[in-house]
Amino acid sequence: MTNLNIKKAQNLVVGASAAVLVVTALTIVGELAPPLKDFLKATFSHHWIGKGAVGALVFVVVAAVDAIIPVEGNSDSLALDIYILAWVTLASFLAIYGFFIFETFAKP
Amino acid sequence: MLTAHVLAGLVGVAGFYAAWLYLSKKESSLPAVRAWLAAAAAAIIGSWLTGGYYYVLYYGGAVKPVIKKSAFPWAHTVFTEAKEHVFLFLPFIALALFAVSFFAGPEMIKNEKLKRAVGFAAFAATLVGVAVTLSGVIMSGAVRK
């Protein structure tokens, strides 16, 4: 197993974590700041398409930037990155559901 | 289109679950894990595209007003809104996990730490996928009421 192959996997895992965080931020900030949601709608014809497109762009760009960084891949750091991706996913899931539950039921 | 979205989503969640199960075994089969993660990635992307098509072109005009006028208007503001956004990040997780099995597969099977990490991520994706699926069930119920 070459470190190059581990590094390729790592690039995509890091890109995925960044994409999840950006989509979550766009979702919550978009609800709190309507001009952002309006911008996404005007640019991409629908705010949901915009969030998906920005998420995809972040995924690709962050993976590419990570690939350029001259750090060798190794199994331990790949495992850590995967755990980070899993926890970022779970935290983002809770943040989004929590936000909309709050907005619907608890917001004064 | 909605049926395709639901079926593809179910295949995707099944793929994550199956990958987690295989990775939980003492002796894991790399071809099986790769196949399930590939299926999960393809299915989730398919569900993303079909769901997006349905949501953008049909839901807003035809379904959302029905839910909002029903006895459960919160079904839209909580479950649709949350589901549609959480669902946006499942394809990235699916692609990342498949990439790990594809590029670092042999190491993943051999290295216990890495194998547990991928298993945990597949389990997390399964949980999120189940929650998204149940949100869809609640939305459908609100339309019927």
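The values are calculated or read from the model by the stated rules, or taken from the named source; none is laboratory data. Here the structure is a predicted model, which is why all the values come from computation and not from measurement. Don't worry about glycine lacking a Cβ; one is built from the backbone with ideal geometry, like all the others, and counts go over all protein chains shown.
A few comments on the model shown:
- Selection status of A:G73, facing another protein chain (nearest Cβ under 9 Å), farther than 23 Å from B:A117 by Cα and in contact (Cβ under 8 Å) with a residue 24 or more places away in the chain: no
- For B:K26: the one exception among (1) touching a residue at least 12 places away in the same chain (Cβ under 8 Å); (2) charged (D, E, K, R); (3) not in a helix (DSSP H, G or I): (1)
- For A:K107, the conditions (1) out of contact with any helix residue (DSSP H, G or I) (no Cβ under 8 Å at 6 or more places or on another chain); (2) modelled with pLDDT under 90; (3) farther than 24 Å from A:L32 by Cβ all hold with the exception of (3).
- Checklist (1) in contact with a helix residue (DSSP H, G or I) (Cβ under 7 Å, 6 or more places away or on another chain); (2) at pLDDT below 90; (3) more than 26 Å from A:L57 (Cα to Cα) applied to B:V33, failing item: (2)
- Residues in segment B:71-106 that are at the interface with chain A (Cβ under 7 Å from one of its Cβ atoms) and in contact with a Leu (Cβ under 6 Å, 6 or more places away or on another chain): B:A96, B:A99.
- With a requirement of 2 or more residues that are under 14 Å from B:F89 (Cβ atoms), the helices (runs of 4 or more DSSP H) lying completely within segment A:30-108 that satisfy it span A:47-68, A:75-101.
- Note on segment B:87-145: enclosed helices (runs of 4 or more DSSP H) holding 1 or more residues that are under 23 Å from B:L49 (Cβ atoms) and free of Cβ contacts under 8 Å to residues at least 24 places away in the same chain are B:90-103, B:112-144.
- Here A:I101 meets the list (1) within 8 Å of chain B (Cβ to nearest Cβ); (2) within 24 Å of B:W20 (Cα to Cα); (3) surrounded by 15 or more Cβ atoms within 10 Å (Cβ to Cβ) almost entirely, failing just condition (2).
- If you go through segment A:76-98 and keep only what is touching a residue at least 24 places away in the same chain (Cβ under 8 Å) and within 17 Å of the chain's Cα centre (by Cα), you end up with A:D81, A:I82, A:I84, A:L85, A:V88, A:T89, A:S92, A:A95, A:I96.
- So A:V88, is it β-branched (V, I, T), at the interface with chain B (Cβ under 8 Å from one of its Cβ atoms) and within 19 Å of B:A121 (Cα to Cα): no
- Among the conditions (1) facing another protein chain (nearest Cβ under 10 Å); (2) at pLDDT 95 or above, the only one that A:V62 does not satisfy is (1).
- Test: residue in segment A:21-37 that is within 28 Å of B:F103 (Cβ to Cβ) and either more than 19 Å from the chain's Cα centre (by Cα) or facing another protein chain (nearest Cβ under 7 Å) (or both): yes
- Tabulated pairs, segment A:10-37, first under 30 Å from A:G73 (Cα atoms), second part of a helix (DSSP H, G or I) and among the polar types (S, T, N, Q), C-beta under 7 angstrom, 6+ apart or interchain: A:Q10/A:S77; A:V20/A:T89; A:V20/A:S92; A:L21/A:S92; A:T24/A:S92
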